[in-house]
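Colleague: Please see the structure below; I have some questions.
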Amino acid sequence: MIQPINIKSNKKSINDIALKFYWSNRDFVHQENAALNIDYTKYSNNLGGYYPLLGIEFLHLEENKEDGTSYILLIDRYRKKAWKSSRTNFTKTRTAGYKHEALIDAAENNRKSEIEITSDKMLLDFGQPQFFKTAMFPNLKGFNKTRQLNIAKVKIAFRIRKTKGTEIQESKHIGYIDMIGMLTKTGRKIDYVIK
């Protein structure tokens with residue numbers, strides 16, 4: 001009987017890259033993986049305290065990398081359906097979904113929507129506290145809530161952009177996380193939940 005030969009494809013794809021998340025206040029990081037046992041946090045004046053940076057491990061990155069190519073992590077925020085503001089036309093709406101913040105808008109808001117991938121393990125500071133209002137923390141910026149919240153959630157999705165010369169390719173969303181802002185008796189906190 002002739003046995004079939006499995007031929008492995010040499011085609012590289014950014015859609016084959018996966019993400020593993022970690023951060024300094026997750027129990028499993030401290031207990032199970034000493035290499036990812038991070039205590040890296042950053043101080044925020046908005047919070048009046050420290051928040052955990054988000055760690056990302058890019059799985060299958062090395063085997064899918066191409067020479068002469070740059071890779072950018074794209075950070076998209078979920079936005080609800082909303083009316084577009086206009087004095088004369090209120091019939092247009094913004095559709096719901098994950099939206100990518102333009103670089104100029106992200107910079108104006110002290111956030112990052114694009115980060116160059118320089119390693120297969122990275123600690124990300126993309127302006128996490130800047131997604132929440134300072135005066136009414138943790139109410140979200142960009143949403144007109146007048147009631148003080150004790151907890152709020154920002155849904156975030158991640159993609160990868162590959163650039164080789166003039167050719168640009170973007171992956172589907174390959175990782176999702178909820179960033180949680182909490183107002184507690186001990187202060188303002190930020191945490192993450194993997195979706």
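Colleague: Out of the residues in segment 66-94 that are closer than 23 Å to residue 180 by Cα and at pLDDT below 90, which is surrounded by the most Cβ atoms within 10 Å (Cβ to Cβ)? Step through it out loud before you land on a result.
Modeller: Applying the first criterion (closer than 23 Å to residue 180 by Cα) to segment 66-94 yields 73-82.
Keeping just the survivors that are at pLDDT below 90 gives 79-82.
On the way: 79: 16, 80: 11, 81: 9, 82: 13.
Among residues in segment 66-94 that are closer than 23 Å to residue 180 by Cα and at pLDDT below 90, the one surrounded by the most Cβ atoms within 10 Å (Cβ to Cβ) is 79.
Colleague: Is there a residue being in contact (Cβ under 8 Å) with a residue 40 or more places away in the chain and not polar (S, T, N, Q) anywhere in segment 107-114?
Modeller: Taking segment 107-114 and keeping what is in contact (Cβ under 8 Å) with a residue 40 or more places away in the chain, we get 114.
The next check asks that each one be not polar (S, T, N, Q); those that pass are 114.
So far as segment 107-114 goes, yes, one or more of its residues are in contact (Cβ under 8 Å) with a residue 40 or more places away in the chain and not polar (S, T, N, Q).
Colleague: For segment 95-108, which positions are surrounded by fewer than 16 Cβ atoms within 10 Å (Cβ to Cβ) and not in a strand (DSSP E or B)?
Modeller: 95, 96, 102, 103, 104, 105, 107, 108
Colleague: Continuing with this model, one more query. Looking for whichever is modelled with pLDDT under 90, under 17 Å from the mean Cα position of the chain (by Cα) and assigned to a loop (DSSP other than H, G, I, E, B) here; the options are 9, 24. Which one fits?
Modeller: 24
Colleague: For segment 109-179, which fully contained strands (runs of 3 or more DSSP E) count at least 1 residues that are under 19 Å from residue 50 (Cα atoms)? Spell out the reasoning first.
Modeller: On the way: elements: 114-116, 121-124, 151-164, 167-170.
Result: 121-124, 151-164.
Colleague: Write out, first by first residue and then by second, each pair whose Cβ atoms fall under 7 Å of each other, whose residues are 6+ apart or on separate chains, and whose first residue, in segment 116-141, is under 24 Å from residue 20 (Cα atoms) while the second is aromatic (Phe, Trp, Tyr) and at pLDDT 90 or above.
Modeller: 117/58; 117/71; 120/58; 128/51; 129/51
The values are calculated or read from the model by the stated rules, or taken from the named source; none is laboratory data. None of the values given here were measured: they were computed from a predicted structure. No Cβ is skipped: glycine too gets one built from the backbone with ideal geometry, and neighbour counts run over all protein chains shown.
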